[in-house]
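The values are calculated or read from the model by the stated rules, or taken from the named source; none is laboratory data. Everything numeric in this text was worked out from a predicted model, so none of it was measured. A quick note on method: Cβ atoms are made from the backbone with ideal geometry, for glycine too, and the neighbour counts reach across all protein chains shown.
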Amino acid sequence: MTTTNQAIAGAAERLRSARLSHTPCAPVRELIDANDVHSAYAVQQLLTADRLAAGGHVVGRKIGLTSSAVQQQLGVDQPDFGVLFADMDASTSGINPALLLQPKVEAEVAFILGEDLDSPTLDLTRVKGAVESSWAALEIVDSRIVDWDIRFADTVADNGSAALFVIGDRLPDDVAPVDVSMSMTINGDVVSTGNGAACLGDPLKALLWLAQTARDLGQPLTAGQVILSGALGPMASLATGDRVEAGLYLAGEPVATVMTQVEAEDSE
């Protein structure tokens with residue numbers, strides 16, 4: 001095993017142990033370079049293989065770091081992606097705080113694909129045509145790195161800091177995701193605002209970036225997958241008992257909402 005492979009294996013083991021022990025770990029950039037994209041995704045793939053071996057089922061991907069506000073919050077300057085598993089879908093249940101370490105929430109547009117995106121030539125028109133439907137969504141992100149002390153390689157290795165997701169209302173077919181504005185509240189207080197253009201200029205452009213990247217890695221997006229296209233505004237911290245609601249608006253009129261509740265701790 002080469003030194004590089006040892007570092008990748010060590011980073012995967014550190015994140016694996018953090019997830020299983022429910023204890024945040026030190027940044028993995030101590031083991032792989034903070035900007036080493038190839039090694040970071042290699043760590044992610046090892047951890048994905050773990051979940052698949054344990055019976056996990058992939059249902060889609062999440063795009064991260066698409067909002068300049070979130071990039072500024074985390075000190076990074078490019079998007080990334082992670083893998084969505086079936087057990088991450090909290091659309092029909094509350095958020096179990098026992099599953100999380102240091103969660104945050106962000107409002108997004110989710111896409112459900114109606115076609116595979118494996119063509120050698122992918123452009124915005126092709127990607128838009130592959131979208132079966134668009135939805136208001138919340139992503140609960142959670143870092144296995146202590147105190148969210150992350151750089152690009154840390155979050156990529158940690159599956160894009162993915163944790164859970166919630167799918168809400170479907171957007172009307174005549175509403176373009178880039179045209180929506182967003183307001184998210186926690187317990188009735190506005191904690192984040194933004195718009196479709198905050199997501200790489202257009203959520204569909206974020207989807208195009210992911211489709212090209214996934215294809216080039218030999219893991220193209222496929223029909224039926226859920227794609228979280230990225231934050232429309234800053235993320236906000238979550239606490240036990242919090243109620244989150246996000247609305248998407250067109251010209252000031254609501255077009256779709258999504259909500260969830262963080263369950264209370266067991267009184268026992």
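Residues of segment 23-40 that are in a helix (DSSP H, G or I) and either crowded, with 21+ Cβ neighbours inside 10 Å or touching a helix residue (DSSP H, G or I) at 6+ places or on another chain (Cβ under 6 Å) (or both): Val28, Arg29, Ser39, Ala40.
Of all residues in segment 123-136, exactly one satisfies the criterion of being surrounded by fewer than 20 Cβ atoms within 10 Å (Cβ to Cβ) and either under 16 Å from Asp216 (Cα atoms) or modelled with pLDDT under 95 (or both), namely Asp123.
Within segment 98-117, being closer than 21 Å to Gly160 by Cβ and out of contact with any Phe, Trp or Tyr (no Cβ under 9 Å at 6 or more places or on another chain) holds for Leu99, Leu100, Leu101, Pro103, Val105, Glu106, Ala107, Leu113, Leu117.
With the condition kept exactly as written, say whether any residue in segment 113-132 is in a loop (DSSP other than H, G, I, E, B) and within 22 Å of Met184 (Cα to Cα). No: zero hits. Residue count for segment 162-202, restricted to those that are touching a Lys or Arg at 6+ places or on another chain (Cβ under 6 Å), surrounded by 19 or more Cβ atoms within 10 Å (Cβ to Cβ) and in a loop (DSSP other than H, G, I, E, B): 0. Looking at Ala246, is it at pLDDT 95 or above, within 25 Å of Val59 (Cβ to Cβ) and over 17 Å from the mean Cα position of the chain (by Cα)? Considered against the rule, which asks whether it is at pLDDT 95 or above, within 25 Å of Val59 (Cβ to Cβ) and over 17 Å from the mean Cα position of the chain (by Cα), Ala246 comes out as no.
Got at least one residue in segment 78-100 being within 14 Å of Asp142 (Cα to Cα) and charged (D, E, K, R)? Looking through segment 78-100, none of the residues is within 14 Å of Asp142 (Cα to Cα) and charged (D, E, K, R).
Looking only at segment 220-268, residues that are closer than 30 Å to Asp118 by Cβ, small (Gly, Ala, Ser) and in contact with an Asp or Glu (Cβ under 8 Å, 6 or more places away or on another chain) come to 5 in all.
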